[in-house]
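Everything below concerns the one structure shown next.
A short reminder: the numbers here are calculations on the coordinates, not readings from a lab. All of these numbers come straight from a predicted model, not from anything done at the bench. Cβ: placed from backbone, ideal geometry, glycine included. Neighbour counts: every protein chain shown.
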Amino acid sequence: MEDLIDESARRLAGYQSRAGIFALNGYTVDHSDTIQRELRETWDKVQAGKLHHDPRVVAANRRAARIVSRLLMVFTLRPDLIPPEFRAVHDGLRDTKYMAWYRQLTSGSGIRVPEEATKDLALEFMIGHETAPSPTVDDVVRAKDFVASMTDQSAMRRFDELFT
């Protein structure tokens, strides 16, 4: 922690204005090069080198990916399953640059969900599901943001509620 504070203070000391700080390339608050090298070495040897290949970690990662992808898909196709409070707040983003950026990404192409992507969701058995869903960009972004806002525990709980 001391290295982080000292190195960040050293970087900031060379700038006389906020504009100079905002014009920096890279991080302003960061460790020294020495500590960064040591962190990379630890990452390469332990985190990515061993931990990411442990069968328990691989299995947990697969489960997390399945939970997140299925929640994203079901909340995209069934936005009514997202709490109304979240939907109301997210609707406030409708006319922002944030949403315009996503709309511009798909302009002209629209959103199409391949049937094979929804087969394991059993949507046809959910009360109120309409056939042949065609989500909007807003539906996808809202679902993405909702899933991203969930804690691991709340995502697992909601997944269990919907799929078990």
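For Asp138, Asp80, Asp3, which order do you get if you count the other beta carbons within 10 Å of each Cβ and list the fewest first? Before the final figure, lay out each step's value.
Values: Asp138 17, Asp80 9, Asp3 14.
Starting with the residue having the fewest Cβ neighbours, the order is Asp80, Asp3, Asp138.
If we count other beta carbons within 10 Å of each Cβ, what is the order of Val147, Val68, Val46, fewest first? Show your work: numbers first, answer last.
Values: Val147 21, Val68 17, Val46 11.
Listed from fewest to most nearby Cβ atoms, that is Val46, Val68, Val147.
Can you tell me the mean projection area, over all orientations, of the convex hull of the stretch 2-52's alpha carbons? Units nm², please.
Numbers: hull surface 17.1 nm².
Computed as one quarter of the Cα hull surface, the answer is 4.3 nm².
Let's test the formula: R0 of 45 Å, r as the Cβ-Cβ distance of Leu39 and Met126. What FRET efficiency results, to the nearest 0.05?
Numbers: r = 46 Å, r/R0 = 1.02.
Between Leu39 and Met126 the formula returns 0.45.
Can you give the relative contact order of the chain as a percent, counting alpha carbon pairs under 8 Å and 6+ residues apart?
Values: 88 pairs, mean separation 40.3, N = 164.
Relative contact order, the chain: 25 percent.
Note down the nm distance, to one decimal, between modelled labels 7 Å out along Cα→Cβ at Gln16 and at Asp91.
Once both label points are built, they end up 5.2 nm from each other.
According to a simple spin-label model (label point 7 Å from Cα along Cα-to-Cβ), what is the distance in nm between Leu81 and His52?
For His52 paired with Leu81, the spin-label model returns 3.1 nm.
For the stretch 30-115, which trypsin sites (Lys or Arg not before Pro) pass both filters: DSSP loop (anything but H, G, I, E, B) and at most 13 other C-beta atoms within 10 Å? Intermediate results must be reported in sequence, preceding the final value.
On the way: sites: Arg37, Arg40, Lys45, Lys50, Arg56, Arg62, Arg63, Arg66, Arg70, Arg87, Arg94, Lys97, Arg103, Arg112; in loops: Lys50, Arg94, Arg112.
Counting only loop positions with at most 13 other Cβ atoms within 10 Å, the trypsin sites (Lys or Arg not before Pro) in the stretch 30-115 are Lys50, Arg94, Arg112.
Just one of (1) 1.10; (2) 1.29; (3) 1.21 is Rg/Rh (Cα atoms, Kirkwood Rh) calculated from these coordinates, so which is it?
Among (1) 1.10; (2) 1.29; (3) 1.21, the one calculated here is (1).
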